[in-house]
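Trainee: After the structure tokens below, expect a handful of questions from me.
The values are calculated or read from the model by the stated rules, or taken from the named source; none is laboratory data. Bear in mind that the values here come from a model prediction, so they are computed numbers and not experimental data. Here Cβ is always computed from backbone atoms with ideal geometry, including for glycine, and neighbour counts include all displayed protein chains. Quick note on the areas: whole protein, heavy atoms, side chains included, nothing else; ligands and nucleic acids left out. Shrake-Rupley method; radii C 1.70, N 1.55, O 1.52, S 1.80 Å.
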Amino acid sequence: MARINDNYLKLKAGYLFPEIGRRIKAFTEANPQAKVIRLGIGDVTRPLAPAVIEAFHRGVDDLTRVESFMGYGPEQGYDWLIDAIIDNAFKPRGVNLKRSEIFISDGSKCDCANILDIFDLGNKVAIGDPVYPVYNDTNVMVGRTGEADSRGYYEGIVYIPCTEENHFTPPIPQEKVDLIYLCFPNNPTGAVAGKEQLQQWVDYARTNEAVILFDAAYEAFITDPAIPHSIYEIPGAETCAIEFRSFSKTAGFTGVRCAFTVVPEALRARNAQGEPVALNQLWNRRQATKFNGVSYPVQRAAAAVYSPEGWRQNQEIIDYYMENARLIREGLEDAGVTCFGGTNAPYIWLTTPAGLSSWDFFDQLLNECHVVGTPGSGFGPSGEGYFRLSAFGQRENVSEAVSRIRKNLA
Ligand code: MLT
């Protein structure tokens, strides 16, 4: 009989969001009349911007004619999309990238997971706590860890608690690590990092020959002009960081699927002989072998995000979600709840009332308010006693959810 990858057996329970889904299903089956409002998983609800839809349609139409039909595209994406990204997402922020440094993909979740293919299992990995669970679980899956302890910390991973005291931003580790996951604006806490803070990480990574895996999936929600959108705004980052970007939350592509990863040509890590090797070449090789690119109409739609109309229309959608974030944050603060995030990020991170555990508060909100959020402990042990609400809902649902929670807590 074939053998399984035993590392999967080390994983605790289910992945967070399917587990929440199971609880909602059980509740709605038992309470079919309840109008459940979902502010749990960060899934968008606004339709795609009209300019994006038009480009998407045109992309499909191209496939209907022999002269404009497209088959396999370049594995790393079409140049016209890559150029639009370079010119609109990076150049205005003083970051100059080459075409060869951008890799179009079908999602940042996949890229954050797949990037582990090009790193040796012996690397020491540092992860914030709480954290987007994918960083942790994928390291368990590939076999970089031992078993989890009673708190849920896996042997072999360096966890960096992100707490109210450190403003939910991970302090530089005392020990030497090789791979560091950073996510700003942060999922789940909504915290952001300024230039000085990121410079410290870049300096640490360069001194220790570490690689920063920088997840910038929520950069479009930054409202403070002093906050960097890209790690490459920090001098030296091109020699020590990979950046993940996504159209999912920033342009409503959670169901459409498009993202990209930046691997600068200057970035190196050592081989078994101690010689420096360009990670760009390894990632290119990995993607060309295991991935066949994002569909042509989807890339056409993604490129339209950077057209003048697409950009303006999309900004209106982002503003809509950030207004939701303000309504949640201010509505709950008025009711005496301590809230974090929600000003440069679409997530509100709150302290559970009356010292309830995260899952107890989840059950209270589901059963008594018919509102779904995400228990903080699902993002790691330091998330216990916290709860995350997503601002990606429809306005009337967000308002209704805030009013139900306020009544419940009164
Ligand atoms: C979340 O709610 O944390 C995100 O939607 C998950 C994801 O982007 O995969």
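Trainee: Extending each Cα 7 Å along its Cβ direction at V60 and E209, get the distance between those two points in nm, one decimal.
Mentor: 5.2 nm
Trainee: Please list, in order along the stretch 394-410, the HN-Hα scalar couplings obtained from phi with the Karplus expression 6.51 cos²θ - 1.76 cosθ + 1.60 (θ = phi - 60°), rounded to whole Hz, x for Gly and Pro.
Mentor: With coefficients 6.51, -1.76 and 1.60, one gets 7, 3, 5, 5, 4, 4, 5, 5, 4, 5, 5, 5, 4, 4, 5, 8, 5 Hz.
Trainee: Taking only C-alpha pairs under 8 Å that are 6+ residues apart, what is the relative contact order of the stretch 52-308 in percent?
Mentor: Value for the stretch 52-308: 27 percent.
Trainee: Write down the radius of gyration of the stretch 147-274 and its Dmax, each obtained from C-alpha positions, in Å.
Mentor: Answer for the stretch 147-274, Rg first and Dmax second: 15.5, 46 Å.
Trainee: Provide the descending list of Cα extents for the stretch 1-95 along its principal axes, expressed in whole angstroms.
Mentor: 53, 47, 41
Trainee: Can you give the accessible area of T374 in Å² (nearest 10), computed on protein heavy atoms with a 1.4 Å probe?
Mentor: That residue has around 0 Å² of solvent-accessible surface.
Trainee: Would you mind checking which residues have amide H under 5 Å from T338's amide H? H placed 1.01 Å from N; only 5 or more apart, or other chain.
Mentor: T351
Trainee: Another question, then. In what sequence, largest accessible area first, do C110, C258 appear using a 1.4 Å probe?
Mentor: Output order, biggest surface exposure first: C110, C258.
Trainee: Please list 210-220, 182-192, 127-137 highest first by mean number of surrounding beta-carbon atoms within 10 Å per residue.
Mentor: Answer by packing, highest mean first, reads 182-192, 210-220, 127-137.
Trainee: Shifting gears a bit: For the stretch 52-308, what is the accessible area per residue in Å² when the probe is 1.4 Å?
Mentor: With the other protein chains kept in place, the stretch 52-308 gives 41 Å² per residue.
Trainee: Which value at 222 nm does the chain reach when only helices count, each DSSP H run of 4 or more adding -39,500 (n - 2.57), with the total divided by all residues and rounded to the nearest 500 deg cm²/dmol? Show your work: numbers first, answer last.
Mentor: Numbers: 12 runs with 140 residues, N = 410.
Theoretical 222 nm ellipticity from helices: -10500 deg cm²/dmol.
Trainee: How much net charge surrounds K35 when only the other residues with a Cβ under 13 Å from the Cβ of K35 are counted, with Lys and Arg +1 and Asp and Glu -1?
Mentor: 0
Trainee: Short version: what are the Cα gyration tensor semi-axes of the stretch 292-410, square root of 5 times each eigenvalue, largest first, in whole Å?
Mentor: 32, 17, 12
Trainee: Per residue and in cubic angstrom, what volume does the convex hull of the Cα atoms of the stretch 52-308 have?
Mentor: Hull volume over Cα atoms, normalised by residue count, gives 135 Å³.
Trainee: Which value, in debye to the nearest 20, gives the size of the charge dipole of the stretch 253-410 about its Cα centre, when Lys and Arg are +1 and Asp and Glu are -1 at the Cβ?
Mentor: Dipole of the stretch 253-410, to the nearest 20 debye: 760 debye.
Trainee: Where nothing but the Cβ of Lys and Arg (+1) and of Asp and Glu (-1) is charged, how large is the charge dipole of the stretch 52-308 around its Cα centre, in debye to the nearest 20?
Mentor: 440 debye
Trainee: Collect residues whose amide H, placed 1.01 Å from N in the peptide plane, falls under 5 Å from the amide H of R268; neighbours closer than 5 in sequence don't count.
Mentor: Here the answer is L279, since their amide H atoms fall under 5 Å of that of R268.
Trainee: Right, something else. Rolling a 1.4 angstrom probe over the protein heavy atoms, how many square angstrom per residue are accessible across the stretch 348-389?
Mentor: 28 Å²
Trainee: Still on this model: Over 22 Å, how big is the tail of the calculated P(r) for the stretch 199-296, in percent of all Cα pairs?
Mentor: 39 percent
Trainee: Cross-link candidates for K91: which lysines have Cα within less than 26 Å, leaving aside residues fewer than 8 places away along the same chain?
Mentor: K109, K195, K249
Trainee: Would you kindly derive the ³J(HN,Hα) couplings of the stretch 51-65 from the backbone phi angles with the Karplus curve 6.51 cos²θ - 1.76 cosθ + 1.60 (θ = phi - 60°), listing them in order in whole Hz, with x for Gly and Pro?
Mentor: Here the 3J(HN,Hα) series is 5, 6, 4, 4, 5, 4, 4, 4, x, 5, 4, 4, 6, 8, 10 Hz.
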